[in-house]
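All remarks here apply to the structure that follows.
The values are calculated or read from the model by the stated rules, or taken from the named source; none is laboratory data. In this text, all values refer to a predicted model and were calculated from it rather than measured experimentally. Neighbour counts are summed over all protein chains in view; Cβ atoms, including those assigned to glycine, are modelled from backbone coordinates with ideal geometry.
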């Protein structure tokens, strides 16, 4: 059995850890309130952009453009959002499982996939598993800004046009509520399978699903799209805007999910530390009681001997 000194030292360590996790929970809670509001505000624009662009491209089947069809021989490009910091429970692990685990709805092979990483945790995990990291954009997770994602969208689209990749996927975590964060895989380009849902229950950032875009434009799908300007000029501006908008929406949802996951994890850790501290307190009292009883027994035995 551990000595009183060992139990007391361990109890003090557990209590110190509990104070740290409690402070981290408070910090994550404050960040969550801010990022949750930003993510909520981004939902309508995210959904509208996806829905409108989907409808326009569906009616532009006769249009030939560099952004509408990938070149043969290219690889799959995945833009993956994860965190730069740990202590967020299973947040990052769920993203990895969605990509290459049993939960994967689309199989990504390490020999046929280029990774555009936004966040170090999943980046390192995929790198260890043999995936090629085409671009490390992890600094983009440090602040919620739209500007940097215009540059990221241009880089990915340039690789798409050059034929380095012929498909573009977005992998992020959908923020449903403080406790529920669902990893998603969304195909951005080309639009050939945009109507198909990779998950039966997949939502975008808001309440709309992939099938919303399909059903809304079914009646008009046979009508050609008329462009007031040159169609190439329109698509040259529209597609990068579409990609960068969805990247920004994924950023806001991922950061809110990360803070929610960290708050939940630190709350559980604080409760566990409290329970362990209480158990150690009981063990210490029992050991102290035993020591006192033993001392009294020795005193009585000595007095009787005299």
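Numbers at a glance
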quantity: Which numbered condition residue 84 misses (of (1) touching a strand residue (DSSP E or B) at 6+ places or on another chain (Cβ under 7 Å); (2) more than 20 Å from residue 243 (Cα to Cα)); calculated: (1)
quantity: Qualifying position, being touching a strand residue (DSSP E or B) at 6+ places or on another chain (Cβ under 8 Å) and assigned to a helix (DSSP H, G or I), among 254, 277, 268; calculated: 254
quantity: Candidate set: the range 158-176, residues that are touching a residue at least 40 places away in the same chain (Cβ under 8 Å) and part of a loop (DSSP other than H, G, I, E, B); chosen: the one nearest to residue 236 (Cα to Cα); calculated: 163
quantity: Residue check, residue 219 outside any helix (DSSP H, G or I), more than 23 Å from the chain's Cα centre (by Cα), surrounded by fewer than 14 Cβ atoms within 10 Å (Cβ to Cβ) and modelled with pLDDT of 55 or more; calculated: no
quantity: Residue 74 touching a strand residue (DSSP E or B) at 6+ places or on another chain (Cβ under 8 Å) and on the phi > 0 side of the Ramachandran plot; calculated: no
quantity: Residues of the range 78-94 satisfying the condition of being within 12 Å of the chain's Cα centre (by Cα) and over 18 Å from residue 142 (Cβ atoms); calculated: 89, 90, 93, 94
quantity: For residue 158: the one exception among (1) touching a helix residue (DSSP H, G or I) at 6+ places or on another chain (Cβ under 6 Å); (2) exposed (fewer than 13 other Cβ atoms within 10 Å of the Cβ); calculated: (1)
quantity: Residue 72 at pLDDT 80 or above and over 21 Å from the mean Cα position of the chain (by Cα); calculated: yes
